[in-house]
1. Would you check if THR93 is of a type in the set (Ser, Thr, Tyr), surrounded by 15 or more Cβ atoms within 10 Å (Cβ to Cβ) and closer than 27 Å to ALA245 by Cβ?
2. Give me a count of the residues in segment 243-255 that are part of a helix (DSSP H, G or I) and surrounded by fewer than 18 Cβ atoms within 10 Å (Cβ to Cβ).
3. Can you tell me which residue is surrounded by the most Cβ atoms within 10 Å (Cβ to Cβ) among those in segment 162-184 that are of a type in the set (A, V, I, L, M, F, W, C) and closer than 14 Å to THR17 by Cβ?
4. Which residue is surrounded by the most Cβ atoms within 10 Å (Cβ to Cβ), if the candidates are limited to segment 96-138 and must be modelled with pLDDT under 75 and β-branched (Val, Ile, Thr)?
5. Restricting the search to segment 70-86, which residues are touching a Leu at 6+ places or on another chain (Cβ under 6 Å) and surrounded by fewer than 22 Cβ atoms within 10 Å (Cβ to Cβ)?
6. Evaluate segment 56-69: report whether one residue or more is of a type in the set (D, E, K, R) and over 18 Å from ILE162 (Cα atoms).
7. Return yes when ALA208 is crowded, with 17+ Cβ neighbours inside 10 Å and of a type in the set (A, V, I, L, M, F, W, C) and no when it is not.
8. In this structure, does MET248 turn out to be touching a Pro at 6+ places or on another chain (Cβ under 7 Å) and of a type outside the set (Ser, Thr, Tyr)?
Amino acid sequence: MTTTLLSLLFGALIGLTLGMVGGGGSILTVPILVYAIGQSVQQATTTSLAIVGLNALVGMAGHARAHRVNPRTGVAFGVVGIGGALIGSWLNTLVPGRALLTAFAAIMLLAAVAMLRRHPPASGEGAIEADADTIAWAKVLASGTVVGLMTGFFGVGGGFVIVPALVLVLGLPMRTAVGTSLLIIAMNSLWSLLAHLRFGHLDLAVTALFVLGGVAGALSGVYFAGRVPQRRLTQGFAALIAVVAGYMLVRTSLGIA
């Protein structure tokens, strides 16, 4: 009963952060499955991909209805991430769990700092159409491959890297980056999950409970995302990343993986 309630509660939290900031949910899922549910790191990475991918689909649908998804950029990002996701999934099986979590936390902190230091573009929401017509395909190829690699390696949707990449590298407004990120997360999660199923175990019961709670959370997140100022969304996203990364570094430094 305790595991059931925790799975529903944490699933709602993951869905909320995914729907609201286009990431964060994937960052939270692996630590929650390891520290709260008691899964091994490798099992958590596999189960996380199913949870995050399904919740991302729900959130993306809500953002699409509000015209906050750039499908051209999202599909391009997701497609070029296939190769990276497959390589990352293979590398995941070769790295000890403690080293995996430490590297994960360090990259999260770097992403948080980059988001906080960025100044929003003066063009605001009007940048959506311009960016769609002037995509720097070299940047999409490089960013998409790196994100796919990290998705497969860490077992996350990659929102903590995708959102900064869409905002910092491609110049999308934060709200559009949130919705587009969920499309990319769903695609990358699918590629990585298919690869992980060869090496890891998918816990169907836990996945179902997390997704059940996550649907309600994701829909709530989509609602709030359209009503919170973009700068606040960015700051909240970065703060969430930093807090979770700090917690993971403390745990791993104490030898608690």
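The values are calculated or read from the model by the stated rules, or taken from the named source; none is laboratory data. This one's a predicted model, so the numbers in the text were calculated from it and none came from an experiment. So basically every Cβ, Gly included, is an ideal-geometry build from the backbone, and we count neighbours across all protein chains shown.
1. Against the criterion (of a type in the set (Ser, Thr, Tyr), surrounded by 15 or more Cβ atoms within 10 Å (Cβ to Cβ) and closer than 27 Å to ALA245 by Cβ), THR93 does not qualify.
2. Number of matching residues: 6.
3. LEU182
4. ILE128
5. VAL80
6. Scanning segment 56-69, I find at least one residue that is of a type in the set (D, E, K, R) and over 18 Å from ILE162 (Cα atoms), so the answer is yes.
7. Criteria not met by ALA208.
8. Considered against the rule, which asks whether it is touching a Pro at 6+ places or on another chain (Cβ under 7 Å) and of a type outside the set (Ser, Thr, Tyr), MET248 comes out as yes.
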